[in-house]
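Remarks on the structure that follows.
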Number of protein chains: 2
Amino acid sequence: MARVVVDVMLKPEILDPQGQAVQRALPRLGFEGVTDVRQGKRFELEVAGPVDESVLARVREMAETFLANTVIEDFHVHVEEEAIR
Amino acid sequence: MARVVVDVMLKPEILDPQGQAVQRALPRLGFEGVTDVRQGKRFELEVAGPVDESVLARVREMAETFLANTVIEDFHVHVEEEAIR
């Protein structure tokens, strides 16, 4: 069992109103020094068996066709051991 | 300028309907072998100046008080060079 993570973020040229709302709120909460905030999605996929290149290719396919809207979003796939649990 | 990433995921014991919906859809799209899917949020914060321990502590504070609902969510803070752009 391994965990494959797919990070999906809006493309840089796409306006990110959620990220901007967070960025505007931070100084009001006393947090200075953050010049930009982007908000996206993180998918953690538990995959049966070892993760080889063919499994990663399949996950990229899932991201391309289903998890990300590639017209406005970029995605990044990577293998991760047990992280946040 | 550095990028600090805050990953926010539901705690393991919390039901994740979005993740379940994705997991149920994958076999219908021809993707087998994914035993669990969890969906969360990813924040990319561009921080002015070098990222030292005090900056990371401040970002953890932002996550604790604002970016995550720590009653139902866990968060993980890490420094990341230019990744998805």
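Please treat every number below as a calculation from the coordinates, not as lab data. Here the structure is a predicted model, which is why all the values come from computation and not from measurement. Reconstructed Cβ throughout: ideal geometry from the backbone, glycine too, with neighbour counts over all protein chains shown.
Tabulated results
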| quantity | calculated |
| --- | --- |
| Neighbouring partner chain Cβ atoms per residue of B:52-59, average, 10 Å criterion | 1 |
| Cβ nearest the rotation axis (B onto A), residue from chain B and distance to the nearest whole Å | B:R42, 2 |
| Residue order, fewest to most surrounding Cβ atoms within 10 angstrom, among A:E13, B:E44 | A:E13, B:E44 |
| Spatial separation of Cα centroids for the range A:39-80 and the range B:1-64, in angstrom | 13 Å |
| Fewest-first sequence of B:L15, B:L10, A:L26 by Cβ atoms within 10 Å of each Cβ | B:L15, A:L26, B:L10 |
| Across the identical copies, how the B:V51 labels are spaced - nm, sorted shortest first, 7 Å along Cα→Cβ | 2.0 |
| Under 15 Å, Cβ to Cβ, from A:E53 - net charge with Lys/Arg +1 and Asp/Glu -1 | 0 |
| Copies compared at B:P12 - label distances in nm, ascending, label defined 7 Å from Cα in the Cβ direction | 3.8 |
| Position A:L29, label points 7 Å along Cα→Cβ, spacing to each other copy in nm (shortest first, one decimal) | 3.1 |
| Degrees separating the helix B:53-62 axis from the principal Cα axis of chain B, which is the longest one | 50 degrees |
| Nearby lysines by direct alpha-carbon distance to A:K11 (threshold 24 angstrom, same-chain neighbours under 8 apart not counted) | A:K41, B:K41 |
| Radius 9 Å from Cβ of A:V4, net charge of other residues (Lys, Arg +1; Asp, Glu -1) | -2 |
| B:R3, B:R38 arranged by Cβ crowding within 10 Å, fewest neighbours leading | B:R3, B:R38 |
